[in-house]
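Reviewing the structure listed below.
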Amino acid sequence: MTKRQPADLIVRGRIVTMDAARRIIADGAVAVRGGDIVAIGEASAIAAAYEATTTVGDGGSIVMPGLIDAHTHCSQCFVRTLTSGELPMIPRIYNPAQRSLDPEQAGQTVRLIATQLLRAGVTTMCEGTLNRSHEDAIVAAVEEVGIRTVMARGMADQDFHHAALYSQVTDRSWVKAREGEAERDLAHTEDFLGRFPAKGRGLVRGAVNVSSLLGFSEHYFREGARIAQRHGTSMQVHISRDREEVELCLAVWGRRPIERLHDLGVIDRHLVAVHAVLASEAEIQLLAKGGAGLAHSPTECVANMNAVPNMPRFRAAGIRVALGCDNQGNDMFDTMRAAWLIHGAKWGVAAYDPEFLTAGDLLAMATIESASVLCADDLIGSLEVGKAADLVVLDGNAPHLLATHHLPSDLVRFATRGEVKATIVAGRILYRDGQFMTVDLDRLRREAAAGAAHVRAIVEERRYKPFPAF
Ligand SMILES: [Zn+2]
């Protein structure tokens, strides 16, 4: 018998690879060394070839790529139900609550959200940051906890005014760029990408945040897109999210939001259209033609009551879709199921078409397709040799995962974070059997309680209704 090669970790179970062939290995194993996957195959073959100090999982486990939350803002993590029943609320409640956090509190929100995500088998999040003073604290907390992060940074450089419906007799919407700010902030993004390259093995990958047509100038959009192209990273843009935005674009430019992006020449495969719930058919075609991806947060559609994007049209046009929690629950099993149910109710039931979205589609939108949208499929999103060892191990013997017929459907329809046994990022076990290796839960509870009290005091005056009494 030849000598076995050393590995740091062997992960065993039924393996849903999400590779190009969508291979499922019934009794498989993954060998991990130096943070990467060095072998994947039949359990017996891996056991014969590799010797590891640690083994996770057994024949009853289900092993899949770590889930990817393609859209979040960590600093919203303390607000949560303060927004419920208070629509519309983003400028009134979310934004002031986020702005009120100091860097230390921003770091606390990262620890909290990362802990929630790891518990639910999420190994990568995509964070959109608008506050430069929070950036170092966010990165420090990400590195402390060990969750992989695509960090899109960028600060608004434009003032805007939206003339509300009943004021339009005398008032008109406008935008005005603040001189020199785009250059200064984009130089900071270049510097950030120098420290946190968009390619390579780093835990944090930089990306470009050009959050909206309202707050970012034409110059910022054009240059931001060039930076994203040059670095091979994504450019995150909230687009066609609400009626006010569509209305402002029509008033200022005579164009709908995605038409405006087309005019700016920024629709390409690096563009991540976030939400796009009010995209018209012509705008969906513009995104498709340019090769842009969509970041879709199904629970957010209901939480903010904006609209539900026409998912069958996006899919039929060939647009890649990434699912995100957008801080609504921070659980991608929940999010996959929300997408299944929302689109099922809206498009599947309406057409009596069970193929409105397949389980394989939904699983891809939380793994490999999401990685592609984030320009990170060279490293994550599937279990393949050479990729990072970002995995989640589920208890496949849990009663409500029985009886198994088709693993992708079982995972989308029935799996919950309750079955997550281990969450592994870059070969490091960060969560296992109720234990978080990099998080002090007592400290987390203290920080969450203090953070909740802090944002509650900030938004109290801003709510239309008093806080519920009980
Ligand atoms: Zn967002």
(message) For ALA39, what residues show an amide H to amide H distance below 5 Å, using hydrogens built from the backbone and excluding near sequence neighbours?
(response) ALA31
(request) Could you rank GLU259, GLU51, GLU104 by how accessible they are, 1.4 Å probe, largest area first? (result) GLU104, GLU51, GLU259
(request) Taking all pairs of distinct Cα atoms, average 1/r, flip it, and tell me the Kirkwood hydrodynamic radius of the chain in Å to one decimal place. (result) 22.8 Å
(request) Roll a 1.4 Å probe over the protein heavy atoms and report the accessible area of LYS199 in Å², nearest 10. (result) 90 Å²
(request) On the protein heavy atoms, probe 1.4 angstrom, tell me the percent of accessible surface of the chain carried by carbon and sulfur. (result) 54 percent
(request) Calculate one ³J(HN,Hα) per residue across the stretch 221-236 by plugging θ = phi - 60° into the Karplus curve 6.51 cos²θ - 1.76 cosθ + 1.60, and present them in order as whole Hz with x for glycine and proline. (result) 4, 5, 6, x, 5, 5, 5, 4, 5, 4, 8, x, 10, 8, 10, 8
(request) Find which of GLY293, TRP253, VAL237 sits farthest along the positive direction of the dipole of the stretch 67-373, computed with +1 on the beta-carbon of Lys and Arg, -1 on that of Asp and Glu, about the Cα centre. (result) GLY293
(message) Give the aspartates and glutamates reachable from LYS465 as a straight Cα distance under 20 Å; neighbours fewer than 8 places away on the same chain don't count.
(response) GLU86
(request) Starting from the Cα of LYS199, draw a straight line to each of the lysines and keep only those under 23 Å, dropping any in the same chain fewer than 8 residues away. (result) LYS387
(request) Give the angle, between 0 and 90 degrees and rounded to the nearest 10, that separates the Cα long axis of helix 181-195 from the longest principal axis of the Cα atoms of the chain. (result) 10 degrees
(message) Just to make sure I understand: if all protein chains stay in place, what is the order of LEU411, LEU130, LEU112 by accessible area at 1.4 Å, largest first?
(response) LEU130, LEU112, LEU411
(request) Working from Cα positions, state the angle (0 to 90°, nearest 10) between the long axis of helix 132-145 and the longest principal axis of the chain. (result) 10 degrees
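Given the stretch 247-354, what whole percent of its Cα pairs are spread farther than 19 Å?
Cα-Cα pairs in the stretch 247-354 separated by more than 19 Å: 46 percent.
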(message) Nearest 500 deg cm²/dmol is fine: what mean residue ellipticity at 222 nm does the chain get from its DSSP H runs of n ≥ 4 alone, each adding -39,500 (n - 2.57), divided by its residue count?
(response) -10500 deg cm²/dmol
(message) So with the 1.4 Å probe, I'd like the accessible area per residue for the stretch 197-296, rounded to whole Å².
(response) 33 Å²
(message) For HIS262, HIS73, give me the order by solvent-accessible area with a 1.4 Å probe, most accessible first, ignoring ligands, DNA and RNA.
(response) HIS262, HIS73
(request) Using only Cα atoms, tell me the angle between helix 281-290 and the longest principal axis of the chain; keep it within 0 to 90° and round to the nearest 10. (result) 60 degrees
(request) May I ask you to derive the relative contact order of the stretch 67-373, considering only C-alpha pairs under 8 Å and at least 6 residues apart, and to give it as an integer percent? (result) 18 percent
(message) Using a Cα-Cα cut-off of under 29 Å, which lysines could be cross-linked to LYS346, ignoring same-chain neighbours fewer than 8 residues away?
(response) LYS289
(request) Could you calculate the FRET efficiency of ALA457 with SER133 from 1/(1 + (r/R0)^6), where r is the beta carbon distance between them and R0 is 22 Å, rounded to 0.05? (result) 0.60
(request) Compute, for ASP390, the solvent-accessible surface of its heavy atoms (probe 1.4 Å) with the complete set of protein chains present, and express it in square angstrom to the nearest 10. (result) 10 Å²
(request) For the stretch 1-41, just list the percent of Cα-Cα distances falling in each 5 Å bin from zero outward, please. (result) 6, 21, 27, 23, 15, 6, 2
(request) Compute the distribution of all C-alpha to C-alpha distances in the stretch 391-455, in bins of 5 Å from 0, and list the percent of pairs in each, rounded to whole numbers. (result) 4, 15, 19, 14, 15, 14, 10, 6, 3, 0
(message) What is the ratio of the Cα radius of gyration of the stretch 350-463 to 2.2 N^0.38 Å, with N the residue count, to two decimals?
(response) 1.43
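The values are calculated or read from the model by the stated rules, or taken from the named source; none is laboratory data. From a predicted model like this one, the values you see are computed outputs, not experimental measurements. FYI the Cβ positions are ideal-geometry reconstructions off the backbone, even for glycines, and counts take in every protein chain you see. Note: areas computed on protein heavy atoms with side chains; ligands, DNA, RNA excluded. Shrake-Rupley method; radii C 1.70, N 1.55, O 1.52, S 1.80 Å.
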